[in-house]
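Novice: Have a look at this one.
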Ligand code: SF4
């Protein structure tokens, strides 16, 4: 299958390993990965901060860039959530019904990574090898906006060598919330403290999730405290093999 | 885009819909209170577990939620009609209906009614709406003493405190604190009072019983008002509400106009949704329903005050009006990770938590409660829990947008609006975007051992508690181009 990668601006700029791992994983499974180079950002940060008008050109860009693609994958629950639940709303708010329709059509073909693997490609065992103790944090947007359910866990359970630890209070928000982390830094940090406590209680070396943004927050806190565990995106775990760890 | 100017909002200077500090500042102080944090974490996790258990046992819970949502949406679409029908029915059954534009008018009305009844004291129950309008203060100014009779409201009143939860207004207090308040403030409290729940309730019972028997006027709120029959309804756990609703000669009910429901049969839906969502009970212990005046039984004079106080302004916003669907169950507070850590006082309004963050700014005008729509990480737990399916995260985003748009109309620039405009300009072009990425890589010089410990404002708010990642030497798109060329 020909799959277009929407790498997301955050992974592109700060976590390129996530994009490389997604590419390697899908190619290993026998698919063609394309990277439309005119892509930039889904506009989620603008929308969630209230700057919907500024997000409008970004919605239009996303639609134009990916309209001709059969299937689109993003290694992010919240960016996929924005494409699926916000793009058409933004277009309608500014009276562009035609764009809203097009946005809905593209959104219907845009998948978060674990959805793509399990629902579209029909695989759970992706042939990965990752010999570490890992705990999984279900990010709010993948959990509640997309409803990915246990798809990421089903994928992780099939990874050779991986020792999966259950995260206590897993479904509680980590406190990232986009600009919330800087507009309400104290509350965000208080939520982070509890999430870190849960991660530490598992004894895992690695905390994984489907969103680089939440991982940047959790990982930034763990790193500041020299707490030990590190954060690794789900794509990087699924992308790892014995030959290419 | 429609604008919402011109609709009267809740007037300033009266009532409790506005805080004195923005949320982030008030929250910082609350977060430093270890006792509060522990009380809240214990209380909310207990209620959460109870709610999850009783909701989980209903196979048709999702259908009930959808029914609740649909009834509310239909009511709001014809609110004018249902309110007039309610007025007709209440009047036909011997009650008197008063319309109050706002807090000032409602307080004047109620104070007048109490004075006319010749009372200097009133008992009150289930009346968060009267707290919204600051009725107790207005009564006090007229020389009338109001006694709160719901246990938690009593604790708040005796503690000279503010409520911090819709359903459990004293959730921020633990047993030991309540005992101290009773000993200090209850005339004739037994000095040997312990902090055992049974002892505390017995003390409150003795204290309240005298007031119930003496009161000539009762003041209440209402959970529902049935338009087709003119019936008012209050659900509660203690029975104090029922005494307040049945013992006095005169009953005055103050109700927000959004509480009307069209049909008697609609109660079937809400009386299932409400107790399970709020206290985690299959059924609440007391449901009191009354229709007008019944000669020889209960209050012989009944006044219904229908309060607007910004609700019509909320109704005028086709997205925002969903906030008026709220049945005040408080499930969204109990599941909210922000509320659980800050408590209710940080929101500065009688309506705290997620629903408060979308309701208070609409009642007062967004600019006057501008920090509240941002008091959420948009995690969506509230939407998932809400028994009438209010999409609170989308409402929060909508109100943020209203705030940004209103500021733009008034041409108030802010560092944020400049940053956002610049970011959108950059992101709208792949060329500018790539250039900005390269500029950002200059940030590599800040890094040590793969992490950045300090960034300049506004990102210093990030590095106050979290390391930031060092930008990699090569972005993904540069890697792609190097490895695979410019073809897709
Ligand atoms: S918004 Fe929904 S969950 Fe929150 S108090 Fe109102 S009805 Fe309950």
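Novice: Taking the conditions exactly as written (within 13 Å of chain B (Cβ to nearest Cβ) and crowded, with 24+ Cβ neighbours inside 10 Å), does residue A:175 satisfy them or not?
Specialist: Details: within 13 Å of chain B (Cβ to nearest Cβ): yes; crowded, with 24+ Cβ neighbours inside 10 Å: yes.
So residue A:175 passes the test.
Novice: Please determine whether any residue of segment A:171-182 is at pLDDT below 95, within 25 Å of residue B:416 (Cα to Cα) and more than 20 Å from the chain's Cα centre (by Cα).
Specialist: Yes.
Novice: Follow-up question, since we're still on this one. Taking the options A:75, A:36, name whichever one is in contact with a strand residue (DSSP E or B) (Cβ under 9 Å, 6 or more places away or on another chain), free of Cβ contacts under 8 Å to residues at least 60 places away in the same chain and on the phi < 0 side of the Ramachandran plot.
Specialist: Testing whether each residue is in contact with a strand residue (DSSP E or B) (Cβ under 9 Å, 6 or more places away or on another chain), free of Cβ contacts under 8 Å to residues at least 60 places away in the same chain and on the phi < 0 side of the Ramachandran plot leaves just A:36.
Novice: Could you list, in sequence order, the residues of segment B:345-383 that are within 12 Å of the ligand (Cβ to nearest atom) and at negative phi? Reasoning before the result, please.
Specialist: Going residue by residue through segment B:345-383, those that are within 12 Å of the ligand (Cβ to nearest atom) are B:351-359, B:381-383.
Scanning segment B:345-383 gives B:351, B:352, B:354, B:355, B:356, B:357, B:358, B:359, B:381, B:382, B:383.
Novice: Shifting gears a bit: Looking only at segment B:464-477, which residues are modelled with pLDDT of 90 or more, under 41 Å from the mean Cα position of the chain (by Cα) and more than 13 Å from residue B:443 (Cα to Cα)?
Specialist: B:465, B:466, B:467, listed by residue number.
Novice: Can you list the helices (runs of 4 or more DSSP H) found entirely within segment A:1-85 that contain at least 3 residues being within 11 Å of another protein chain (Cβ to nearest Cβ) and over 19 Å from residue B:428 (Cβ atoms)? Step through it out loud before you land on a result.
Specialist: Values: elements: A:9-13, A:16-28, A:44-49, A:52-66, A:77-85.
The helices (runs of 4 or more DSSP H) meeting that bar are A:16-28, A:77-85.
Novice: When you scan segment B:275-301, how many residues do you find that are touching a strand residue (DSSP E or B) at 6+ places or on another chain (Cβ under 6 Å) and either assigned to a helix (DSSP H, G or I) or within 16 Å of the ligand (Cβ to nearest atom) (or both)?
Specialist: Residues in segment B:275-301 being touching a strand residue (DSSP E or B) at 6+ places or on another chain (Cβ under 6 Å) and either assigned to a helix (DSSP H, G or I) or within 16 Å of the ligand (Cβ to nearest atom) (or both): 1 in total.
Novice: So which residues in segment A:188-219 are assigned to a loop (DSSP other than H, G, I, E, B) and either buried (at least 24 other Cβ atoms within 10 Å of the Cβ) or within 14 Å of chain B (Cβ to nearest Cβ) (or both)?
Specialist: Hits for segment A:188-219 are A:210, A:211.
Novice: Can you tell me how many residues within segment B:120-152 are surrounded by fewer than 19 Cβ atoms within 10 Å (Cβ to Cβ) and in contact with a strand residue (DSSP E or B) (Cβ under 6 Å, 6 or more places away or on another chain)?
Specialist: Within segment B:120-152, residues that are surrounded by fewer than 19 Cβ atoms within 10 Å (Cβ to Cβ) and in contact with a strand residue (DSSP E or B) (Cβ under 6 Å, 6 or more places away or on another chain) number 2.
Novice: Okay, next question. Taking segment A:128-168 as the region of interest, how many residues are more than 20 Å from residue A:199 (Cα to Cα), within 14 Å of another protein chain (Cβ to nearest Cβ) and touching a residue at least 24 places away in the same chain (Cβ under 8 Å)?
Specialist: So the answer is 3.
Novice: On to the next question. Can you tell me which residue among B:192, B:218 is under 28 Å from the mean Cα position of the chain (by Cα) and either in the same structural domain as residue B:258 (by TED's automatic domain parsing) or more than 17 Å from residue B:177 (Cβ to Cβ) (or both)?
Specialist: The conditions single out B:218.
The values are calculated or read from the model by the stated rules, or taken from the named source; none is laboratory data. Just so you know, these numbers come straight off a predicted model, no measurement behind them. Here the Cβ is made from the backbone with ideal geometry for all residues, glycine too, and neighbour counts use every protein chain on show.
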